[in-house]
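Input: a single structure, listed below in structure tokens.
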Amino acid sequence: MPFEPEHRRRYIIHMYTTELQKSAKIENLEDPKLLEAFEARVAADEFIEPKDWMPEAYRRTLTRQISQHAHSEIVGMLPEGNWITRAPSLRRKAILLAKVQDEAGHGLYLYCAAETLGTSREQMIEALHSGKAKYSTIFNYPTLTWADIGAIGWLVDGAAIMNQVPLQRTSYGPYARAMVRVCKEESFHQRQGYEIMIALANGTAEQKRMAQDAFNRWWWPSLMMFGPPDENSPNTAQSMRWRIKRETNDELRQKFVDITVPQADFLSLTVPDPQLKWNEEKGGYDFGEIDWEEFYAVVRGEGPVAKERMKARRDAWQDGAWVREAAAVHEEKRRARKAA
Amino acid sequence: MSSDWPLWEVFVRSKGGLSHRHVGSVHAPDAELALAHARDTYTRRLEGVSLWVVPSADIVASNPEQAGELFEPAQSKIYRHPTFYDIPDEVKHI
Ligand SMILES: [Fe+2]
Ligand SMILES: [Fe+2]
């Protein structure tokens, strides 16, 4: 890196050097002039690019957020992958295969974006496999019937779209550009899921029952995808200020409920929330309390199939090791032959 | 220590007549596999008619810290733009 030294030097204004590792203080250690210029750029909606100066806390927050997002795309392939061989028709199988392949692509775009911040993909994958890194809680629920595939496309991808659309304007350039690609592809995911739900909702009594059952199980976890309520989301204010986040968890959750309820009505499905009620005054739905105990338990890794998911990831990584090594050795040999 | 494959930058020509444009990167052990991965990662929907992959380590970039000195000289040279010149309205096709 040719222009490393000067701009990364930190200016220690505060005396508590023992606090160096504490994230809250890092900001105080940055050169105030650089920090001010950075804040001004972000406030003016400029994009920050990989080699631009940025506060360490910004770099760290983004690395965490983008890598978690990448991990979610990768782990997110597992619940649906579970149904590829059992899709009810060749058409559905081809669609599901393409959808799951897209999610792999999303994971790769995002690892690339995160790597520009200085953490290697290998380090991120290692953090996932060792259990240090988090991914979306939603993927720790099982896919019990084919209707779950419909519900996931409709609700889980629907919630992901709601989260991702504002991220196309996030302040970090590589992340924003990755989100533009992702958002272009997500719409198909949601529509194929809703189409599955339409087919079931218009099917036999048993199929209708399956659709309602899947909806019952995925509704609340989907609402949890927006994260803890704003008052318990300590990082939101900073992330909003740095334009990493553009809308709060509760704002996005409300929007999601408001557009999804009419879609459920169209399917003649009942939202599993007795407190759900249109509120004329706010122009949106009031809805029941989310079970945050459950959410935090799943965050802690106690989700119904969390262990299974991690085992599947680690096994895939280990089983593929020989391919990665063979390809590297092959290239080495080719080079040696060329040099000789 | 990293044992991951090296990084390649990917450029896609979206259709004939247009330049290749940077779209992202891939990890791959060699150029051939970099192209294969680039195809699977960045052109699943007919996004392109041609691909370039370049080892990321070979890209030389200008320093953002020096963007001022580098690009500002152009700012004062407004006579490089056609609108700088006053031409009477009755003169046509110029
Ligand atoms: Fe995705
Ligand atoms: Fe998706």
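The values are calculated or read from the model by the stated rules, or taken from the named source; none is laboratory data. Every value quoted in this text rests on a predicted model; they were computed, and no experiment measured them. Here Cβ is always computed from backbone atoms with ideal geometry, including for glycine, and neighbour counts include all displayed protein chains.
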- Task: Tell me which residues, restricted to region B:54-94, are closer than 30 Å to B:Val26 by Cβ and either in contact (Cβ under 8 Å) with a residue 40 or more places away in the chain or of a type in the set (Phe, Trp, Tyr) (or both).
- Result: B:Val54, B:Pro55, B:Ser56, B:Ala57, B:Ile59
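Is it the case that region A:133-142 has a residue that's among the hydrophobic types (A, V, I, L, M, F, W, C) and more than 16 Å from ligand 1 (Cβ to nearest atom)?
Yes, there is a match, as at least one residue in region A:133-142 is among the hydrophobic types (A, V, I, L, M, F, W, C) and more than 16 Å from ligand 1 (Cβ to nearest atom).
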- Report yes if A:Gly76 is modelled with pLDDT of 95 or more, within 12 Å of chain B (Cβ to nearest Cβ) and either on the phi < 0 side of the Ramachandran plot or more than 12 Å from ligand 2 (Cβ to nearest atom) (or both), otherwise no. no
- Residues (small (Gly, Ala, Ser), touching a helix residue (DSSP H, G or I) at 6+ places or on another chain (Cβ under 8 Å) and surrounded by 13 or more Cβ atoms within 10 Å (Cβ to Cβ)) located in region B:1-36: B:Gly24, B:Ser25, B:Ala28
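Are there helices (runs of 4 or more DSSP H) fully within region A:127-209 with at least 2 residues that are modelled with pLDDT of 95 or more and under 22 Å from A:Arg60 (Cα atoms)? List them.
A:157-167, A:173-201
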- Mind listing whichever residues of region A:62-86 are in a loop (DSSP other than H, G, I, E, B) and closer than 16 Å to A:Phe188 by Cβ? A:Gly76
- Message: Looking only at residues that are free of Cβ contacts under 8 Å to residues at least 12 places away in the same chain and of a type in the set (Asp, Glu) in region A:204-231, which one is nearest to A:Ile95 (Cα to Cα)?
- Response: A:Glu206
- Message: Checking the structure you have, find out if any residue of region A:177-190 is under 27 Å from A:Trp53 (Cβ atoms) and more than 14 Å from ligand 1 (Cβ to nearest atom).
- Response: yes
- Item | Candidates A:Glu251, A:Glu231 - the one that is assigned to a helix (DSSP H, G or I), at pLDDT 95 or above and more than 30 Å from A:Trp146 (Cα to Cα) | A:Glu251
- Given the conditions (1) away from chain A (no Cβ under 13 Å); (2) of a type in the set (Asp, Glu); (3) touching a Lys or Arg at 6+ places or on another chain (Cβ under 8 Å), and given that B:Asp4 satisfies all but one, which numbered condition is not satisfied? (1)
- Restricting attention to region A:258-273, report how many residues are buried (at least 20 other Cβ atoms within 10 Å of the Cβ) and within 16 Å of A:Asp157 (Cα to Cα). 2
- Item | Check on A:Lys245, assigned to a loop (DSSP other than H, G, I, E, B), in contact with a helix residue (DSSP H, G or I) (Cβ under 6 Å, 6 or more places away or on another chain) and basic (Lys, Arg) | yes
- Item | Residues of region A:303-340 classified as outside any helix (DSSP H, G or I) and within 30 Å of the chain's Cα centre (by Cα), total | 4
- Please enumerate the residues belonging to region B:37-48 that are crowded, with 18+ Cβ neighbours inside 10 Å and in a helix (DSSP H, G or I). B:His37, B:Ala38, B:Thr41, B:Tyr42
- without any contact (Cβ under 8 Å) to a residue 40 or more places away in the chain, more than 16 Å from ligand 1 (Cβ to nearest atom), within 26 Å of A:Thr143 (Cα to Cα) and among the aliphatic types (A, V, I, L, M), is that true of A:Ala201? no
- Message: Residues to consider are A:Ala104, A:Ala127; find the one that is surrounded by fewer than 19 Cβ atoms within 10 Å (Cβ to Cβ), within 18 Å of the chain's Cα centre (by Cα) and closer than 30 Å to B:Leu46 by Cα.
- Response: A:Ala104
- Of the numbered conditions (1) away from chain B (no Cβ under 14 Å); (2) more than 14 Å from ligand 1 (Cβ to nearest atom); (3) surrounded by 18 or more Cβ atoms within 10 Å (Cβ to Cβ), A:Glu251 fails exactly one; give the number of that condition. (3)
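Conditions tested, residue by residue: (1) closer than 20 Å to A:Ala87 by Cβ; (2) more than 17 Å from the chain's Cα centre (by Cα); (3) surrounded by 19 or more Cβ atoms within 10 Å (Cβ to Cβ).
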{"position": "A:His189", "(1), (2), (3)": "yes, no, yes"}
{"position": "A:Gly193", "(1), (2), (3)": "yes, yes, yes"}
{"position": "A:Ile198", "(1), (2), (3)": "yes, yes, no"}
{"position": "A:Lys208", "(1), (2), (3)": "yes, yes, no"}
{"position": "A:Ala214", "(1), (2), (3)": "yes, yes, yes"}
{"position": "A:Met224", "(1), (2), (3)": "no, no, yes"}
{"position": "A:Ser233", "(1), (2), (3)": "no, no, no"}
{"position": "A:Ile244", "(1), (2), (3)": "no, no, yes"}
- Message: Quick check on my filter: what residues within region B:49-88 are part of a loop (DSSP other than H, G, I, E, B) and within 13 Å of chain A (Cβ to nearest Cβ)?
- Response: B:Ile59, B:Val60, B:Ala61, B:Ser62, B:Asn63
- Out of (1) within 17 Å of A:Ala178 (Cα to Cα); (2) assigned to a helix (DSSP H, G or I), the one A:Pro50 does not meet is (2)
- Note on the structure: Checked region B:7-27 for anything at the interface with chain A (Cβ under 8 Å from one of its Cβ atoms) and more than 14 Å from A:Arg181 (Cα to Cα); matches are B:Leu7, B:Val26, B:His27
